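Worksheet: the structure to be examined is printed underneath.
Every read-out reported here was derived from the displayed coordinates using simple, explicitly stated rules and does not represent laboratory data. Since we're looking at a predicted model, the values are computed, not measured. Note that we place each Cβ from the backbone using ideal geometry, even for glycine, and neighbour counts take in every protein chain shown.
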């Protein structure tokens, strides 16, 4: 039964991954002087926007989002926006605590936070709705109840770990353009996100015997 | 508890590490053999036809004046007319530029490039012997020893030249009883800019004007001291350089035609005024040559070298003054000083080719001698050089025989020969004893594995005392056998290999022994236990996140960029690990109220879950993680900077001592901040102690220390800062008083610290005892337990003020007992047993912290406060996660188990605060000022005291974290909150905090052993990784700049850590003995039972 759901998920993941690639390729063709390193923020916002748009439309079309007690769509929307903003602030704080410059490149840091939000928090919102309790619940050992929960878990973890590992390259004295703040981290999170998208269906398929999911 | 057993096990492991360090460092740090032969006048250096003793020929210069200006950097001596707004160190010495432009035949300025290490003593050695220093000399700067190698001074003296010396006393140490006249001056300390220079100036001109000398050496120290005290760009530097300019001018006026004047710096300095490394600013000094008679054959040509290696001065001076070139010099004569062809009318002056030939022959002779003594010069380059030499010699002799001047090609060829000899020597004296290094690495690796094994098998190993004795005895006998074997085969004993054999045998036996122990428990114990034991060394137990973080940390030691950015790297990793704690707890469903488990079958839980308790504990945990993150972030503001990073990084303003701050307002702010942090440090420690009723404990030395000595200490420290902050020159009338206070206050602090520690050691019990005639009903119960708790309010005894406690003693005594005293029934009640172990330890760390703070710049008080907050945050995080685990019924058996995460956090924090107290793993960044705390006049004798002070300053964070390590074990017990007690009460258990340790000595011992083994493992792997990095990257370009200093600091840090870890453990043992004694007095049966 959830075989079909797995297939749906895999195809939606494929669309998301291709949107990541398109957001890099299309502006490179259309915009003069576009480069991932030099016009990094432009690329970053393209990526964030594309992923957000595809995510929202895919989940809206598929009707994944869990029904919650709050029936008022406007209030849901407002709360979602609030959560997105708070998540940006949260990521920004964490990144600064990790040692990013506080004032000098605040715009870059905040852009990274926006990217991370669109790659992780937005997916949480789409899958689980604006319900922090549910978000926390998903990230426990026995917390994943559907295929979507599992995939969310994997993509979020791989995105964050990707960004974390991207920071490893910053102190090295290789003098490469992608070592500038925050290029390596945002590239890392994008790579982590894509590999999470690829890995999630594979992992679920591989562990299908052990998993007992509810179907939607 | 097997106290001796645990201590000896730890001592044994530490000893293994020490042997590993000794072996590795012995193989890694380079040693150059000193050739103890001297050149003589009879040496046949000139070609066969001219058997001429050049010592008796008239030299070009009869006399020379050498002015050594310590740390005269090349750019200090340059004069840039275009520079409209020179900084304090720029354009202050126009004399060189004026001379060079107006009299180009008489004087010239060169960039005089020193070799690392750029420390004064090494440079003086290099400047006189003409050889290359090795790294191992770096450590000797405090105690110079006489130079035994052949050198310029000895050659001059041997030829009867009168060498007069004045200035820095280092020369007198290097050349005792050598000089014709010697006027050494002693600088009081590094702030003393003028004593030495003024002393020289009183005598210099009179001496030069007189006729009782042939060579005058004057070593000015003021510029160097100015750099150390005030940095390069400071008004004092301008004054000092202008003074030196005047000195050079009048020296130029005083010298006569037969005299050569040499002005040189022995090394440069960084912009912060330090030196020792090999950055360009440190190695590039100025060299100025001048004579009133024309010195150079012509105006400077384009192709003339601008950079002169420091070794080149010795052969040049020797030939100009007509003495043999010292035997082991590898320099090459400075050609522009010699006329292109030897003119017969100017007797004594050697021609270029002649000088070069003498030089080549001397260097070749040295190479031959050296390669016969030591086999470390590579064969192929030696033979290549030999071929080159025979080629040169054939051509030269042929041209001499034909009476023709040697061709210019030959001159170039000789020069290139000399350059390649120098380069070969440089490369060779970076040679390593690979076998020793490998042995050291093996010993270190096995020691690390042994630590891991100890931590996994502590419960088994803590009991088997006989095995350790057998192991050590066997290993020692093997070492002895190796020694005897060496004596028979080689005829001498090399201690390193005996130690290596001992350590390796000991380690291998320990592994076998552990295997046996594992097997015996596997058969004896139940199956679950056996399974757990079986997997103790599997990959699975290695790849838990804390160990992955440790692995990343170790991997980071292999890259120079990461070593340079070490402070940030470690902070990054610590923060990651701190974030892992709540994430992991959440993953296990332990963090917040597990309402999502409702639809699942509830786990069998021995303790009823109370959501409020979990919520409270989770909040505590999150708050402590937040505090940890905050202090981590703030600690980044106290870092110092590497020399390479000067552009992108500014050293923390808090690193400047108050007395050197020029801005009055800033000074006040710093002073207030420092005092506030100091009082907060004291207040927080005292508050904790007060909360646990330790300040009320009766009579003991520990209580006295807590009550009086700790506040007194911090008051003295505050006063000391206030006195030190007074600007020099103000308060002239009380200057003497200030000077006295600067001596008296630190010494008072040292002695108070000593008294406090002594009291703490003698009487570490912090128990509040109360005796009263009992209205106790009936005879005492037949049997007493260490802790008796009857009512639900028992745990209140630990926390409530005594008056309330007294009221509630009717129904319970915590950790007390009754004793028949003097025949009448008396009740002795003891409070504070709940924190009996952690209180003395905490007090010890508090005292130590204030003491170490004394050795730091005042601004570091803030950093120390952060350190305190961070330790508190780590302890609380650990305690909360342990409690949460307990609340969910997932406690580890015994509850005394300290998981890897807090241990790794704790140990990495030591490195983090090493950087956050303004230290770096480089020699120039050592805070030498610490050596003069309490001894502003310098140390009269011995280097033990200043070395200790500097070590304490450098590794203060290692010391604090190592000594406080056992707190990790105690904290979850101390921080039992009320609800937890209640739940335990309901189950009829005791709530006893640390007295639980007393009741379970076996487990206590094994937990303590495990904790210290883990701590040693974390530090040991870092040591091993940096040793590996040094071994693998030994040809790396920055090996001497980055990896070798890192290894030295890591090794020294490990030594200090292990010593203080042992001290901390010993203190815990001491408390245990004291508690045991107290219990024995209370309850004789109990002690019998044990």
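Would you mind getting me the FRET efficiency between residue B:390 and residue B:551? Use the beta-carbon distance for r and R0 = 56 Å, nearest 0.05.
Details: r = 55 Å, r/R0 = 0.99.
For R0 = 56 Å, the calculated efficiency reads 0.50.
Against chain A, whose longest principal axis is taken from its Cα atoms, helix A:2-30 shows a tilt of about 20°. Listing B:667, B:650 from fewest to most neighbouring C-beta atoms within 10 Å gives B:650, B:667.
If I stretch the segment between residue B:944 and residue B:488 completely, what's the gain in nm (0.36 nm per residue apart, minus their alpha carbon distance), one decimal? Please report the intermediate quantities before stating the final value.
On the way: separation 456, 0.36 × 456 = 164.16 nm, distance 3.82 nm.
Result: 160.3 nm gained on full extension.
Average projected area of the Cα convex hull of the range B:264-395, in nm²? Working shown, then result.
On the way: hull surface 44.3 nm².
So the Cα hull casts an average projection of 11.1 nm².
Legend: ranking of residues B:617, B:42, B:494 from fewest to most surrounding C-beta atoms inside 10 Å; resulting order B:42, B:494, B:617. Put in line by how crowded their Cβ is, counting other Cβ atoms within 10 Å and starting with the fewest, B:121, B:715 read B:715, B:121. On a 0 to 90° scale, report how tilted helix A:106-116 is relative to the longest principal axis of chain A, with both axes built from alpha carbons and the result rounded to the nearest 10. Tilt of helix A:106-116: around 30 degrees.
Maximal additional length on extending the residue B:280-residue B:737 stretch stands at 160.2 nm, based on 0.36 nm per residue less the C-alpha distance. Normalised by residue count, the range B:437-505 yields a Cα convex hull volume of 68 Å³ per residue. Kirkwood radius, the range A:79-165, all distinct C-alpha pairs, inverse of mean reciprocal distance: 13.5 Å. Each label point was placed 7 Å from the Cα along the Cα-to-Cβ direction; for residue B:11 and residue A:105 their separation is 5.4 nm.
To the nearest ten degrees, helix A:40-62 and the longest principal axis of the Cα atoms of chain A are 10 degrees apart.
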